[in-house]
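The values are calculated or read from the model by the stated rules, or taken from the named source; none is laboratory data. What you are looking at is a predicted structure, and each value in this text was computed from that prediction instead of being measured. Methodologically, a virtual Cβ is constructed for each residue, glycine included, from the backbone with ideal geometry; neighbour enumeration extends over all protein chains shown. Note: areas computed on protein heavy atoms with side chains; ligands, DNA, RNA excluded. Shrake-Rupley method; radii C 1.70, N 1.55, O 1.52, S 1.80 Å.
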Amino acid sequence: MENKQQGNGEMKENKVVKKKVNWSGSLIVASLTGAFGSSFLYGYNLSVVNAPAVYIKKFYNETWERRYGFSVDESTLTLLWSITVSIFAIGGLVGAIIVTPIVKFFGRKCTLLLNNVFAVAAALLMSLSLLAGSFEMLILGRIIMGVDAGISLSALPMYLSEISPKEIRGSLGQVTAIFICIGVFTGQVLGLPEIFGQESRWPYLFGAIIVPSLIQVVILPFLPESPRYLLLEKHNTSKAEKAFQTFLGKDDVSDEIEEVLAESRVQRNTKLVSILQLLRTRAVRWQVVTVVVTMGCYQLCGLNAIWYYTNNIFSEAGINHETIPYVTLSTGAVETLAAVFSGLVIERLGRRPLLIGGFGLMVVFFAVLTVSLTLQKTVHWLPYLSIFCILAIIASFCIGPGGIPFVLTGEFFQQSQRPAAFMIAGTVNWLSNFAVGLLFPFIQSGLQTYCFLVFAAICFAGATYLFFVLPETKNKTFHEISQAFAKRNKVSLEMQEMNHYPEERKSSAEQESNFTSSVDNGETKKGIV
């Protein structure tokens, strides 16, 4: 009997191992194509304005002089440039707010496809602004590109979390962060003087945005919609089954269908929950708080401050001014490599160690960087320590805090709650982004190099909260993750199952029948779910 149990355990273990490596071609293509036309563009637009900044300001001045007959004063030019950079976050906030009804009516995949309209329109406006002699076109293009980013940073993680098996959900979710980093690095490379970082070529930097959008529009239509969306919101079992078969690369997907239907019965309905309803639901109270904390720390942890100081620190280390753009590429390369590393180990180490460890390491290196910057004029080798700290902070951010918040938002919530949850996460993300851009100059002016201690405190607070609150979500179903929060939310499992607005219950007869049959085989299905 004991040997038989051991044999069954080994068979289960082998089954799990097989699932872990079950990356179908369609799953890989969907994740890469989705991310290339979405999160890649977000990262690209974060860095693309840095290299041509001098030329764009000159374009603003020349346009102003041609219109009004005199040069623009320095304060007005600074204001115009600040608007150009920061208005991207305002557009992102708009995109995060409107994403919920869009993903409801059009689905996850179609939302990503339709979102390319914003990207192409923004690319045309920004790339033609110099030819048209209108800096307003560039500013308008930036806000439209922000809308694209706000939609994609919610729709893409939602799509990836719903098409992936739970065994690789974390790794697939990290594709969002990896392509953000690749986008930042690409913007740095294309901004080099030998490519588009010249006065006559900077519009091409914005015109290049069209390329990822067109690639996504060509490839993504041939891939299925989210099977969870098809089954739970469209009640189309046949299409959902085909989608599962395509993404999982196997014919028998009955286990996956039953897992999703079990979730459907638990939440009692598939009607979208509003933000207000989500905030009032006790069963997800701590999930919402955790998403707000992780997304807030994602933006407020100080990485933007690092980019601000990079050129100055490299200059203090004795690096030639003309060489600094090439050395800066090392930051983009480290960022990308760290994100890839996180994607490779997230299913082995889990979300908790990477997220808490990432914030913890950032606290240490921020403290060392503060000391190094304060004393670097007294000790000749300290600027090199500052460079190391910058790279270490970037790597620490990317191994956990840079991508896992998007993964957790997709994992914490049931199907009907997920769009509202992503709207909350996106709103916090973009408001925090805007706050950093608005407040950091004042923080830096008042505290100088000690400003990094503020970010160290934020990282420490985030790590401490997550240490006490965040459960491990690796290899768990959405229902199991809800159970992990049940005690902290002070609800029983039965109450949690009833706390999803039963008066709005919506379930097809076929789903009810399938779910009943799965309950009849409870013991065998329990092991799978």
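Could you tell me which of the residues Leu470, Leu369, Leu439 is open to solvent by 10 Å² or more (accessible area, probe 1.4 Å), aliphatic (A, V, I, L, M) and assigned by the TED database to the domain that holds Val289? Write out each step before concluding.
Details: Leu470 fails: open to solvent by 10 Å² or more (accessible area, probe 1.4 Å); Leu369 fails: open to solvent by 10 Å² or more (accessible area, probe 1.4 Å).
Checking each option against the conditions leaves just Leu439.
Conditions tested, residue by residue: (1) charged (D, E, K, R); (2) under 30 Å from Leu46 (Cβ atoms); (3) in contact with a strand residue (DSSP E or B) (Cβ under 8 Å, 6 or more places away or on another chain); (4) in a helix (DSSP H, G or I).
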site	(1), (2), (3), (4)
Asp252	yes, no, no, no
Glu258	yes, no, no, yes
Ala262	no, no, no, yes
Gln299	no, yes, no, yes
Thr310	no, yes, no, yes
Gly318	no, yes, no, no
Ser330	no, yes, no, yes
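Restricting to the stretch 101-134, name every residue that is crowded, with 21+ Cβ neighbours inside 10 Å and in contact with a Leu (Cβ under 7 Å, 6 or more places away or on another chain). Step through it out loud before you land on a result.
Start the filter on the stretch 101-134 by keeping residues that are crowded, with 21+ Cβ neighbours inside 10 Å, which leaves 103, 108-109, 111-112, 115-116, 118-119, 122-123, 125-127, 129-130.
Hits for the stretch 101-134 are Lys109, Leu112, Ala119, Leu125, Met126, Ser129.
Right, Pro405: outside any helix (DSSP H, G or I), surrounded by 20 or more Cβ atoms within 10 Å (Cβ to Cβ) and modelled with pLDDT of 90 or more or not? Outline the logic, then answer.
Details: outside any helix (DSSP H, G or I): no; surrounded by 20 or more Cβ atoms within 10 Å (Cβ to Cβ): yes; modelled with pLDDT of 90 or more: yes.
No: the conditions fail for Pro405.
State which residue is surrounded by the fewest Cβ atoms within 10 Å (Cβ to Cβ) when the search covers only the stretch 64-86 and only residues that are hydrophobic (A, V, I, L, M, F, W, C) and not in a helix (DSSP H, G or I).
Going through the stretch 64-86, the residues hydrophobic (A, V, I, L, M, F, W, C) turn out to be 64, 70, 72, 77, 79-81, 83, 85.
Then drop every residue that is not not in a helix (DSSP H, G or I), which leaves 70, 72.
On the way: Phe70: 8, Val72: 19.
Among them, the one singled out is Phe70.
Is it the case that some residue within the stretch 167-174 is out of contact with any Asp or Glu (no Cβ under 6 Å at 6 or more places or on another chain) and of a type in the set (Ser, Thr, Tyr)?
no
For the structure I just gave you, tell me whether Phe247 is part of a helix (DSSP H, G or I), modelled with pLDDT under 95 and either aliphatic (A, V, I, L, M) or surrounded by 24 or more Cβ atoms within 10 Å (Cβ to Cβ) (or both).
Spelling it out, Phe247 is indeed part of a helix (DSSP H, G or I), modelled with pLDDT under 95 and either aliphatic (A, V, I, L, M) or surrounded by 24 or more Cβ atoms within 10 Å (Cβ to Cβ) (or both).
If you check Leu279, Leu261, which single one turns out to be under 29 Å from Val469 (Cβ atoms) and among the hydrophobic types (A, V, I, L, M, F, W, C)? Steps first, answer last, please.
Values: Leu261 fails: under 29 Å from Val469 (Cβ atoms).
When all the criteria are applied, what remains is Leu279.
Report whether or not Val289 is within 15 Å of the chain's Cα centre (by Cα), open to solvent by 20 Å² or more (accessible area, probe 1.4 Å) and either farther than 28 Å from Ala53 by Cβ or not β-branched (Val, Ile, Thr) (or both).
No.
For the stretch 208-238, give me each residue that is surrounded by 15 or more Cβ atoms within 10 Å (Cβ to Cβ), small (Gly, Ala, Ser) and part of a helix (DSSP H, G or I).
Ser213
Considering only the stretch 148-165, I want to know if a residue exists there that is open to solvent by 10 Å² or more (accessible area, probe 1.4 Å), at pLDDT 95 or above and within 15 Å of the chain's Cα centre (by Cα).
No, the stretch 148-165 has no match at all.
Just one of the numbered conditions (1) closer than 27 Å to Pro193 by Cβ; (2) at pLDDT below 95 is not true of Val99; which one?
Single failed check for Val99: (1).
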